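S.K.: Here it is, the structure, as structure tokens.
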Amino acid sequence: MDENKQRLLIVDDSRTVRTVLQKMLEVHDLAVDNASSAEDALRYLSESRPDIIFMDHAMPGMDGFEVCRQLKADPEMLLVPVVFLTGHG
């Protein structure tokens, strides 16, 4: 892992969305991690601090809005930007 690259986290229940977005971001020399659910994202975030998070708002189980509320209650995560996205028309 290159510590000098900016690190992003993609959270989406769609493998296709995660794969396409990851490929689009990696061409800009960014380190990209992904999670397939809100719960997976929270486990990842308990140990890692990305520079930005791209998150689907509508996922089975816990949705992206609830994850964001939990993150913003954590002083260490407060300033990490969260960009919401969706594959729904």
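S.K.: Residue by residue through segment 8-20, note down the ones that are within 18 Å of PRO81 (Cα to Cα) and either open to solvent by 40 Å² or more (accessible area, probe 1.4 Å) or in contact (Cβ under 8 Å) with a residue 60 or more places away in the chain (or both).
M.R.: ASP12
S.K.: Can you tell me which residue within segment 59-89, out of those that are part of a loop (DSSP other than H, G, I, E, B) and within 15 Å of ALA35 (Cβ to Cβ), is most open to solvent (accessible area, probe 1.4 Å)? Full working, then the answer.
M.R.: Step one: filter segment 59-89 for residues part of a loop (DSSP other than H, G, I, E, B), giving 59-63, 73-81, 86-89.
In the following step, the residues that additionally are within 15 Å of ALA35 (Cβ to Cβ) were identified as 59-63, 77, 80.
On the way: MET59: 17, PRO60: 91, GLY61: 73, MET62: 48, ASP63: 54, MET77: 3, VAL80: 17 Å².
So the residue we want is PRO60.
The values are calculated or read from the model by the stated rules, or taken from the named source; none is laboratory data. Since we're looking at a predicted model, the values are computed, not measured. Ideal geometry is used to build each Cβ from the backbone, glycine not excepted, and the neighbour counts take in all protein chains shown. Surface accessibility is based on the protein's heavy atoms, side chains included, excluding ligands, DNA and RNA. Shrake-Rupley method; radii C 1.70, N 1.55, O 1.52, S 1.80 Å.
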